[in-house]
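Remarks on the structure that follows.
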Amino acid sequence: GVPGPPDGVDDGYRLTIGPQADAINYLYYNSYRLKAQANGRNTLSFRLVVADGFAPIRGQSVQLTLNGNRIFSGSIFSRRISFLGHSSTGWLDMEVECVDRNAVADRRLIGEVYLNARVGDIFRDIVAKTLAAEGVTTEGVLDGPLVTKVVFNNIPVSQAFDQLFDLTGHYWNIDYYNVLTTGPRGLSLAPFALDIGVNGVMRDFRDTETLAQYRNSQLVDGGKGITNLRTERFPGDGETRTWTVEYPIYEKPVIDLDGVPVDPNSIGIRGLDEDKAFYWSKGSNQIGQDSDKAVIVSTDTIGITYRGLFDILTSVIDPDGIAERQAVEGGSGLYEAITSEGNLDGDDVVMQRGLGLLRRYSLGSDIEVETDADGLAVGQQVEVTVAPMNITARLYLIMGMEMRGLTPERRRYRIQATTGELRGGFKEFWKRVFRSNPLTQNEGTVLQKVLQFRDRLDLTETVAVSVPAYVQQGWGSSKEGESQW
């Protein structure tokens with residue numbers, strides 16, 4: 001065949017590459033592949049055949065639409081150009097790979113500390129400081145739960161967003177309209193159910209259940225607990241300018257001389273501030289006095305009030321999961337795992353991390369299925385019934401999808417969905433197995449245990465819905481919390 005619309009008939013497709021608004025005329029229709037995944041990068045690949053000198057440029061914007069709805073929006077990541085055929089004929093064959101708007105979060109860094117903030121406010125603040133300059137907006141961000149503390153030490157924005165997902169279970173996505181949407185699973189429902197015995201839209205169905213990475217007891221090592229405020233006093237001797245407190249210091253201390261507080265502005269961070277009377281640094285036990293200041297004499301006493309850090313080993317346990325395994329396997333029912341974290345301060349933060357890991361690696365069912373029915377999208381919950389496999393009206397979260405064109409009128413979708421949460425497959429499993437994971441326990445480590453309880457709330461409501469004629473919607477074009485009708 002030839003590139004462009006079959007027989008030159010307008011079939012609703014539009015492909016824009018940079019300033020080239022009619023690039024659809026170069027496209028081989030059955031060559032395009034769209035791959036999408038939650039908390040990841042959607043990619044679009046396609047083949048062009050060109051004879052008029054047009055050449056796509058790395059970084060140029062790309063937009064593919066069908067009947068005005070965006071199927072993809074992003075930019076060119078790579079291209080490969082060769083001659084069509086075995087010799088120079090004037091015709092060029094181009095293979096183009098594109099990434100979606102989520103990729104902008106990979107190339108910007110964030111260095112911030114957030115205390116007692118809603119996860120939605122953290123998302124919004126990060127965007128304001130970084131991605132707003134790339135045109136990203138935040139009207140799709142939900143407020144979500146309170147995060148007691150999280151530290152981002154000049155890491156990619158995408159990594160910071162992933163950490164927020166690990167802590168709170170709030171997924172994130174920058175859609176094809178440049179809107180950041182966040183929220184827990186289940187806010188967007190699929191426009192139809194998948195029932196192999198009714199609507200016939202399913203083929204090549206596979207259900208996988210595995211114990212890989214499963215755990216019901218999670219140890220989080222390397223986190224730091226924070227002491228209550230404590231005051232330590234040291235008598236002067238006319239010589240000492242460095243005082244060592246019992247615990248590594250967590251935050252800026254309060255210093256007094258004979259009970260009279262010194263000016264807080266005269267206390268600086270060691271190695272960063274200059275011309276201060278006293279210096280401290282996080283994680284250090286020492287407070288130092290500037291050598292140009294008058295030494296504290298024996299008739300005076302210096303007081304240091306601070307909150308300190310101590311090592312904790314947090315054990316988060318899922319009693320229901322243990323009981324379930326005992327009923328099936330006997331024995332203790334324990335599936336234990338440990339992860340080492342070096343930058344988590346505070347009991348609540350460490351506990352949130354442990355609960356997030358239990359949530360992420362719980363028992364679940366993962367399915368793959370093909371369908372030619374339009375309307376499903378990553379992030380939706382879809383109801384699935386496969387009677388021969390004892391699956392009845394089970395809700396799955398769509399985590400990945402691949403779309404390819406069969407004909408101009410027909411598309412095929414390969415869907416990956418799970419009853420659990422986003423988690424890695426065997427590639428991530430073996431990477432974790434062989435990756436160095438040093439432990440940091442010492443004699444002063446404190447073990448704290450946390451039990452996870454599952455609360456269930458059943459709600460029913462009758463809703464009258466008026467459904468218009470179905471219109472194909474572009475992937476990622478819906479707002480969080482809306483079904484894609």
_At a 10 angstrom cut-off on C-beta neighbours, averaged per residue, how do the peptides 375-382, 295-302, 359-366 rank from highest to lowest?_
375-382, 359-366, 295-302
*Over its Cα atoms, what ratio of radius of gyration to 2.2 N^0.38 Å does region 34-143 give?*
1.43
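How many Å² of accessible area per residue for region 53-158, probe 1.4 Å?
Numbers: 5260 Å² over 106 residues.
Roughly 50 Å² per residue, with all protein chains present.
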_Testing the spin-label approximation: label points 7 Å from Cα along Cα→Cβ at Val198 and Asn285. State their distance in nm._
6.7
*Determine ³J(HN,Hα), in whole Hz, for all residues of region 8-24 in sequence, where each value follows from phi through the Karplus function 6.51 cos²θ - 1.76 cosθ + 1.60 and θ = phi - 60°; x replaces Gly and Pro.*
x, 8, 5, 10, x, 7, 9, 10, 10, 10, x, x, 7, 7, 10, 5, 4
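Given region 1-86, report the % of alpha carbon pairs whose separation exceeds 19 Å.
Working: 1375 of 3655 pairs.
Of all Cα-Cα pairs in region 1-86, 38 percent lie more than 19 Å apart.
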*asked:* Across region 115-161, what fraction of all alpha-carbon pairs, as a whole percent, falls in each successive 5 Å bin from zero upward?
replied: 5, 21, 31, 26, 14, 2
_I'd like the FRET efficiency for Glu341 and Thr407, computed as 1/(1 + (r/R0)^6) with the beta carbon distance as r and R0 of 60 Å, rounded to 0.05._
0.75
*Label points 7 Å out from Cα along the Cβ direction at Thr244 and Glu209: separation in nm?*
5.7
*Could you calculate the FRET efficiency of Val151 with Val254 from 1/(1 + (r/R0)^6), where r is the beta carbon distance between them and R0 is 22 Å, rounded to 0.05?*
0.50
*Based on the Cβ-Cβ distance from Ala21 to Ile322, what FRET efficiency comes out when R0 is 45 Å, to the nearest 0.05?*
0.15
*Of the listed peptides 235-248, 205-218, what is their order by residue-averaged count of other C-beta atoms within 10 Å, with the highest listed first?*
205-218, 235-248
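Let me make sure I get this right: for region 55-209, a, b and c are the square roots of the gyration tensor eigenvalues over alpha carbons, sorted descending. Under 1.5 in a/c it's rounded, otherwise prolate if a/b > b/c, else oblate. Which is it? Numbers along the way, then the final one.
Values: a/c = 2.44, a/b = 1.33, b/c = 1.84.
Oblate, because a/c is 1.5 or more while a/b does not exceed b/c.
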*May I ask you to give the percent of accessible area on region 58-170 that is carbon plus sulfur, with a probe radius of 1.4 Å?*
48
*Expressed as a whole number of Å, what is the distance separating the alpha-carbon centroids of region 390-414 and region 60-80?*
20
_Note, ³J(HN,Hα) from phi for region 59-70, Karplus 6.51, -1.76, 1.60, rounded to Hz, x at Gly and Pro_ = x, 5, 6, 9, 9, 10, 10, 9, 6, x, 9, 6
*So what's the projected area for region 214-290, the Cα convex hull averaged over all directions, in nm²?*
7.4
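Sort the following peptides by mean Cβ neighbour count (other Cβ atoms within 10 Å, averaged over residues), highest first: 134-146, 42-54.
My ranking of the peptides, most packed first, is 42-54, 134-146.
Over 21 Å between C-alpha atoms is what I'm after, so list which of Lys129/Lys282; Lys129/Lys149; Lys149/Lys224; Lys224/Lys252; Lys224/Lys282 land there.
Values: Lys129/Lys282 25 Å; Lys129/Lys149 18 Å; Lys149/Lys224 12 Å; Lys224/Lys252 17 Å; Lys224/Lys282 12 Å.
Going by Cα-Cα distance, Lys129/Lys282 fall outside the 21 Å limit.
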_Neighbourhood net charge (13 Å Cβ-Cβ; Lys/Arg +1, Asp/Glu -1) for Arg233_ = -4
*In percent, what relative contact order does region 1-104 have, based on Cα pairs under 8 Å that are 6 or more apart in sequence?*
26
_Alpha-carbon radius of gyration plus Dmax, which is the widest Cα pair, for region 166-251 in Å_ = 27.7, 89
*What whole-number value in cubic angstrom gives the convex hull volume per residue for the C-alpha atoms of region 289-409?*
261
*asked:* Going 7 Å from the Cα of Ala133 along its beta-carbon direction, which residues of region 139-153 have the amide nitrogen within less than 20 Å of the resulting point?
replied: 152-153
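What is the extension gain from Arg33 to Leu84, computed as 0.36 nm multiplied by their sequence separation minus the C-alpha to C-alpha distance, in nm to one decimal?
Numbers: separation 51, 0.36 × 51 = 18.36 nm, distance 2.07 nm.
So the extension gain works out to 16.3 nm.
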*Along the charge dipole of region 280-375, which of Ser298, Val349, Thr371 sits closest to the positive end, that is, farthest toward it, with unit charges on the beta carbon of Lys, Arg, Asp and Glu (+1, +1, -1, -1)?*
Ser298
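The values are calculated or read from the model by the stated rules, or taken from the named source; none is laboratory data. What you are looking at is a predicted structure, and each value in this text was computed from that prediction instead of being measured. Note: ideal-geometry Cβ built from the backbone for every residue, glycine included; neighbour counts use all protein chains shown. For accessibility, only protein heavy atoms count, side chains too; no ligands or nucleic acids. Shrake-Rupley method; radii C 1.70, N 1.55, O 1.52, S 1.80 Å.
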